[in-house]
Amino acid sequence: MKQNFKNLSQADIDRIIEMAWEDRTPFEAIEYQFKLKEQDVIRLMRRELKPSSWRLWRERAHQVSIKHQKKREQGVNRFKCSLQRQITLNKISKR
């Protein structure tokens with residue numbers, strides 16, 4: 001399914017890019033918050049990043065084994081730190 005990125009705000013796109021760069025944030029977390037599948041995130045990153053940055057990100061995301069929830073250790077069943085405040089969809093709690 002091709003995702004239309006026009007309904008995403010610039011703040012949403014920035015947050016998706018930030019989450020995609022994080023090694024410990026699985027694609028399932030992005031899908032949960034923004035309804036974007038892994039392929040949609042890849043398309044978004046290709047569109048938004050410079051070509052050299054996109055190549056670095058793809059290599060890094062491909063090498064990180066915890067970028068997919070199924071590849072994580074059995075004991076880890078969350079997509080955020082247990083000490084982090086509750087995140088409600090895309091609204092991050094103020095500190």
Read through the list (1) surrounded by 12 or more Cβ atoms within 10 Å (Cβ to Cβ); (2) part of a helix (DSSP H, G or I); (3) modelled with pLDDT of 90 or more, then give the number of the only condition that Leu36 fails. (2)
Which of the residues spanning region 14-29 are within 10 Å of the chain's Cα centre (by Cα) and modelled with pLDDT of 90 or more? Arg15, Ile16, Ile17, Glu18, Met19, Ala20, Trp21
Please verify whether region 35-49 includes one or more residues that are more than 16 Å from Ala61 (Cβ to Cβ) and either in contact (Cβ under 8 Å) with a residue 24 or more places away in the chain or not polar (S, T, N, Q) (or both). yes
For Met45, indicate whether it is touching a Ser or Thr at 6+ places or on another chain (Cβ under 6 Å) and of a type in the set (A, V, I, L, M). no
Filtering region 1-33 down to residues that are buried (at least 16 other Cβ atoms within 10 Å of the Cβ), among the polar types (S, T, N, Q) and either touching a residue at least 60 places away in the same chain (Cβ under 8 Å) or not in a loop (DSSP other than H, G, I, E, B) (or both) yields Gln33
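State yes or no: is Arg47 loosely packed, with under 13 Cβ neighbours inside 10 Å, more than 14 Å from the chain's Cα centre (by Cα) and modelled with pLDDT of 90 or more? Steps first, please.
Numbers: loosely packed, with under 13 Cβ neighbours inside 10 Å: yes; more than 14 Å from the chain's Cα centre (by Cα): yes; modelled with pLDDT of 90 or more: yes.
It is true that Arg47 is loosely packed, with under 13 Cβ neighbours inside 10 Å, more than 14 Å from the chain's Cα centre (by Cα) and modelled with pLDDT of 90 or more.
The values are calculated or read from the model by the stated rules, or taken from the named source; none is laboratory data. Keep in mind that this is a model prediction, so the values were computed, not measured. Counting neighbours? That spans all protein chains shown, and the Cβs are built from the backbone with ideal geometry, glycine included.
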